[in-house]
Amino acid sequence: MSLAFLNQCKGEEPEVSLIYKRVETKTLKPPLRSYIFDLEIQNTSKAGRWYLWIDGKVDKMARKIVFLSNEIWDPDCISVSAIECSKLGGIGKFIVVDFSGRTYEDSFSAMYVPADSKIKIENFSYNSFQERSSLTLFEMERLMVNGKVSLQDWFPFDISNSKNVKLKIPLHGIISEDSKASLPVIRKQDLKKIQKITCLVKRKYVCEIPKEEKHIKLKGE
């Protein structure tokens, strides 16, 4: 089964396309489901944008989302994964930021796409403990830590994706250690405590997962 949905935009509205492939279930309690698809984002705007996958329920009318951290601050709740795409036959550096908050509803995976940039990822995997009937990608203008500093400035190194990223993730989903990009060493005591991360929603892209192959065209809401 495959599903392609395409957001054809004009002006500065980004172009987003997704080809849904399959879902895999891992034997955990509760079961962890991996929704696998090809993802392409072309940010044609003059400003960088965050793109978030959120596992929890979000009010469909919400224009501001707040993620709370654990009451006892643990710097390990936020992590960065980076891949040197050239080592897998691709282009650029692909970076994902994962935040694990107070509950699964306070958690997200995020990508920062600079202005006038494009990322194209084959076999991207979105993990969820929920059985989903749809996939929603949120486009955010900015992410603010404790309402005072942007998430980009909170990190002591650049977490932006390259201007042009092209990557094919192996079908088994395992990235070898030598394909991972090296990141600066961060001392936990140098990180400022996160109490909350606030996001301002620009648009969202929703794809209903069909029972059979179907082509859908969407616009950002």
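Points to keep in mind about this one:
- Extension gain (nm, one decimal) between LYS57 and ASN70, 0.36 nm per residue minus Cα-Cα: 2.8 nm
- Proximal charge balance of VAL149 [Cβ under 13 Å; K/R count +1, D/E count -1]: +4
- Structure note, pairs LYS26/LYS168; LYS87/LYS204; LYS163/LYS202; LYS46/LYS193: Cα-Cα distances above 28 angstrom occur for LYS87/LYS204; LYS46/LYS193.
- Fully extending the segment from LEU88 to VAL206 would add 39.5 nm, taking 0.36 nm per residue of separation and subtracting the current Cα-Cα distance.
- Within segment 119-149, backbone nitrogen closer than 15 Å to the virtual label 7 Å beyond the Cα of ASP98 toward Cβ: 124-130
- Reach of LYS192 by Cα under 12 Å, taken over aspartates and glutamates that are not fewer than 8 positions away in the same chain: ASP74, ASP153
- Computed lengthening from SER125 to ASP153, 0.36 nm per intervening residue step minus Cα-Cα distance: 7.4 nm
- Packing here is the average count of other Cβ atoms within 10 Å per residue, and on that basis the peptides 121-127, 84-90, highest first, run 121-127, 84-90.
Values quoted throughout were computed directly from the atomic coordinates according to the rules given, and no laboratory measurement underlies them. Since this is a predicted model, take the numbers as computed values, not measurements. As a convention, Cβ positions derive from the backbone with ideal geometry for all residues, glycine included, and neighbour counts pool all protein chains shown.
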